[in-house]
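Worksheet for the structure shown next.
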Amino acid sequence: MAVPASGVRGQEPAASDRFDPFVRIGTDDTVTVIVKHLEMGQGVATGLAMLVAEELDASWAQMRTEFAPVDVSLYANPMLHGMQATAESTSMANAFMQYREAGALARAALIAAAAEAWSVPAAEISAKDGLLSHPGQTSASFGAFADRAGSVAVPDSVTVKPDTEFSLIGARHARLDTPAKINGNALFASDIMEDDMLVAVVARPPRFGAAVAAFDDGQARKVEGVEDVVQIPGGIAVLARSTWPALKARSKLSITWDESGAETRSTRDLWADYHDRAATPGKPVRTEGSVSTALKGAPTALEANFRFPYLAHAPMEPLSSVIRFTGDRAEVWAASQTPSLDRTNVATVLQLAPEQVSIETLDAGGSFGRRGCFDSHYLTEAAHIARAHGQGRRIKTVWTRGDDIAGGYYRPMALHHVRAALDKNGMPTAWYHRIVSQSIFTGTGLEAAVSRDGIDRSPAGGVEHIPYAIPNLQVELHTVDTGVPVMRWRSMAHSHAAYVVETFIDELAATAGKDPVEYRLGLLATAPRLKAVLSLAAEKAGWGTPLADGRYRGVAAHSSFGTSVAQIAEIALDRTGRLKVERVVCALDCGLAINPDQVRAQMESAVGFGLGAALRNAITLDEGRVAETDFDSYQPLRMSDMPEVEVHIVASAEPPTGAGICGVPPIAPAVANAISSATGRRIRMLPFLPTKR
């Protein structure tokens, strides 16, 4: 299917009027919401449209969405250091009032326009379901006043509705992007193909940090359809008239790599280094009381090490982008999570001002953090190719599945060393926690911004603010710098921190001879929201009621990015050791659920994503080479692996927090605790199923 890159957003309605940076109303009655966040499947475009439609009193049928251009003065995310960015489940939290006020302002403008046209007081005009009405006057649609609304005076500020008047927010509504994704009209970077466009693939170093020493492209250039072969900083790019000849020619390249600066260690070597570091004190992240004194005098003490591998994101759509560089301007088409940062980085490569680069944001076929890299590496790579080729043609850079999985930018591997002390009643009196891991911020422009007292605490996310009331607490951190590039992964460090905290607290409960739910509840006096979701999950799961033979339950609860989630996993484990997660009951408090159906979908997605990683995923190195190169060796969750998931949302009028990533951290420890209930065995290394770790 050939899809043009030009006019990606489609034609604007004729005689439309944009009187707010976030809303455009057309004379055809369409209401287009300008979406500042990337739609990656999480439903953010529909959620933002709901906020506008609620305050505008529009009909849901007239709502449309369109991605915003790059403009941090209008579309910055204040929760992400002022970048125009989508990450860390901040989209609805940062945009909640912004888009509601935009809808209210548009409503005020339409009413003012109608009042002027009808010569009646604005206070006498009402709006509902996309119609403006006045007693004694004929009703008119929004479109009838779209032109006039752009020129009337509107107030400097508006008042949004009280939550008691919501008709859209908090109710279930179909996603706006579903029809286009079913019928194929939704546009992804991988879809774009135009006459005279080239497709590029890159031969990258087999070890991270290596560079091209010499290459021979003679055989590659003989492949029919190949038009150019160029060297770029990250490897050798082959440009052809379609994907297949580009891939075929890449396989015929002869490249000598300079590996003097490459990472050549194997996974076992990295673990040895991590264990050595874990044996020494780290930088202090949090200190409460005196852990050493409490440990010395404790009648019972426990100790454990936990290991977590590198993990790839593996979204269904691998990285792709299209770029056109004409010397004094560049156009980029991509699913960009950080468009303001991406634009700056592309401009730097092309020696342009940022204003000379435009980014057309497209839908993403998943991301889980993969498209939000701080160095914009997959887009700067495309820029290097366009600059080296230098003919002003559109170039689509394609990453294969193997390119992506073996290409780095993983969730960091991590080692946790934990010790705890119990009093005579079995309650914890001390918790000592030492972490060894990489930071995703090391060497980036955000490293200083995320640091406190000179320490980048991000690898300790989820441990620094442990929710349990333990009088003596000490958290330390060793930040490691390896040659393996790392970045955000869905829930970041919380994905392994929650596992350690929740499986170890479960072990403390077992050692004390106490029920693991009651044990947790007794320690959560200062975390009422987490306590409430834990109680709700236990109730809905029937915690404490008998299970069928061969069935076992496990529990975990965790707060991240402002949202509290508890999950109870029910597993089946037969005599051969075959594991099947049958049921997961999830309770969460994410503040006001704008679209509860979408929140449920995100929790189901998070359970599947986290479970897939916990069951069998790991990225391993063999003398610096990534061993996993496709879904045969880095297996996604199978349909047969997916449990029944029940989601229970705590009713709340508090502002929304996040949902997209907050359901990931509890699933692995909940399943691990169920396995321990069945076998008595504590799992200290992930994944659960055998692999090279």
Worksheet item: In segment 349-368, what residues are out of contact with any His (no Cβ under 6 Å at 6 or more places or on another chain) and in a loop (DSSP other than H, G, I, E, B)?
Response: 351, 352, 353, 362, 364, 365, 366, 367
Worksheet item: Given the conditions (1) within 26 Å of residue 526 (Cβ to Cβ); (2) of a type in the set (S, T, N, Q); (3) within 20 Å of the chain's Cα centre (by Cα); (4) surrounded by fewer than 22 Cβ atoms within 10 Å (Cβ to Cβ), and given that residue 458 satisfies all but one, which numbered condition is not satisfied?
Response: (4)
Worksheet, complete the sentence: Only one of (1) exposed (fewer than 13 other Cβ atoms within 10 Å of the Cβ); (2) at pLDDT 95 or above does not apply to residue 263, and that is (1)
Worksheet item: Filtering segment 474-518 down to residues that are of a type in the set (Ser, Thr, Tyr) and farther than 18 Å from residue 419 by Cβ, which residue is surrounded by the fewest Cβ atoms within 10 Å (Cβ to Cβ)?
Response: 482
Worksheet item: Which numbered condition trips up residue 447, out of (1) under 30 Å from residue 371 (Cβ atoms); (2) among the charged types (D, E, K, R); (3) not in a loop (DSSP other than H, G, I, E, B)?
Response: (3)
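Picking from 322, 349, which residue would you name as being in contact (Cβ under 8 Å) with a residue 12 or more places away in the chain, of a type outside the set (D, E, K, R) and out of contact with any Phe, Trp or Tyr (no Cβ under 9 Å at 6 or more places or on another chain)? First the steps, then the outcome.
Values: 322 fails: out of contact with any Phe, Trp or Tyr (no Cβ under 9 Å at 6 or more places or on another chain).
Selected residue: 349, the only one of 322, 349 that is in contact (Cβ under 8 Å) with a residue 12 or more places away in the chain, of a type outside the set (D, E, K, R) and out of contact with any Phe, Trp or Tyr (no Cβ under 9 Å at 6 or more places or on another chain).
Of all residues being part of a loop (DSSP other than H, G, I, E, B), out of contact with any Gly (no Cβ under 9 Å at 6 or more places or on another chain) and more than 9 Å from residue 114 (Cβ to Cβ) in segment 124-145, which is modelled with the lowest pLDDT? Just the residue, please. If you could, list the steps in order and put the result at the bottom.
From segment 124-145, those part of a loop (DSSP other than H, G, I, E, B) are 125, 129-130, 134-139; that's our starting set.
Retained after the next criterion (residues that are out of contact with any Gly (no Cβ under 9 Å at 6 or more places or on another chain)): 125, 129, 134-139.
Then keep just the ones that are more than 9 Å from residue 114 (Cβ to Cβ); that gives 129, 135-136, 138-139.
Details: 129: 96, 135: 92, 136: 79, 138: 83, 139: 93.
If we take residues in segment 124-145 being part of a loop (DSSP other than H, G, I, E, B), out of contact with any Gly (no Cβ under 9 Å at 6 or more places or on another chain) and more than 9 Å from residue 114 (Cβ to Cβ), then 136 is modelled with the lowest pLDDT.
Is it the case that some residue within segment 617-628 is in contact with a Leu (Cβ under 8 Å, 6 or more places away or on another chain), surrounded by fewer than 19 Cβ atoms within 10 Å (Cβ to Cβ) and farther than 18 Å from residue 485 by Cβ?
First, pick out the residues of segment 617-628 that are in contact with a Leu (Cβ under 8 Å, 6 or more places away or on another chain): 617-619, 621, 627.
From what's left, surrounded by fewer than 19 Cβ atoms within 10 Å (Cβ to Cβ): 627.
Right, trim to farther than 18 Å from residue 485 by Cβ and you get none.
For segment 617-628, residues in contact with a Leu (Cβ under 8 Å, 6 or more places away or on another chain), surrounded by fewer than 19 Cβ atoms within 10 Å (Cβ to Cβ) and farther than 18 Å from residue 485 by Cβ: absent.
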Worksheet entry | Test: residue 598 is assigned to a helix (DSSP H, G or I) and crowded, with 17+ Cβ neighbours inside 10 Å | yes
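Which residues, taken from segment 450-479, are hydroxyl-bearing (Ser, Thr, Tyr) and in a loop (DSSP other than H, G, I, E, B)?
Taking segment 450-479 and keeping what is hydroxyl-bearing (Ser, Thr, Tyr), we get 451, 458, 468, 479.
Selection gives 468 alone.
In the list 330, 298, which residue meets the criterion of being farther than 22 Å from residue 460 by Cβ, among the small types (Gly, Ala, Ser), out of contact with any Cys (no Cβ under 7 Å at 6 or more places or on another chain) and not assigned by TED's automatic domain parsing to the domain that holds residue 669? Lay out the reasoning, then the answer.
Numbers: 298 fails: not assigned by TED's automatic domain parsing to the domain that holds residue 669.
It is 330.
Only one of 568, 594 is of a type in the set (Val, Ile, Thr) and touching a strand residue (DSSP E or B) at 6+ places or on another chain (Cβ under 6 Å); which?
Details: 594 fails: touching a strand residue (DSSP E or B) at 6+ places or on another chain (Cβ under 6 Å).
Result: 568 is the single residue among 568, 594 that is of a type in the set (Val, Ile, Thr) and touching a strand residue (DSSP E or B) at 6+ places or on another chain (Cβ under 6 Å).
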Fill in: segment 169-181 residues that are over 13 Å from residue 363 (Cβ atoms) and of a type in the set (D, E, K, R), paired with ones that are at pLDDT 95 or above and assigned to a loop (DSSP other than H, G, I, E, B) (beta carbon under 8 Å, 6 or more apart)
172/595
Worksheet entry | Counted residues, segment 567-590 - those being assigned to a loop (DSSP other than H, G, I, E, B), touching a Gly at 6+ places or on another chain (Cβ under 8 Å) and surrounded by fewer than 22 Cβ atoms within 10 Å (Cβ to Cβ) | 1
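If you go through segment 328-340 one residue at a time, do you hit one that is of a type in the set (Asp, Glu), modelled with pLDDT of 95 or more and assigned to a loop (DSSP other than H, G, I, E, B)? Working first, answer last.
Taking segment 328-340 and keeping what is of a type in the set (Asp, Glu), we get 328, 331.
Imposing the further condition that a residue be modelled with pLDDT of 95 or more reduces the set to 328, 331.
So of that shortlist, the ones also assigned to a loop (DSSP other than H, G, I, E, B) come out as 328.
The answer is yes, given that some residue of segment 328-340 is of a type in the set (Asp, Glu), modelled with pLDDT of 95 or more and assigned to a loop (DSSP other than H, G, I, E, B).
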Response to the item:
Pairs returned, first residue in segment 633-662 that is under 22 Å from residue 316 (Cα atoms), second residue that is charged (D, E, K, R) and part of a loop (DSSP other than H, G, I, E, B), beta-carbon separation under 6 angstrom, 6 or more apart or interchain, are 634/628; 661/490
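The values are calculated or read from the model by the stated rules, or taken from the named source; none is laboratory data. Since the model is a prediction, treat every value here as computed from it, not as a measurement. A quick note on method: Cβ atoms are made from the backbone with ideal geometry, for glycine too, and the neighbour counts reach across all protein chains shown.
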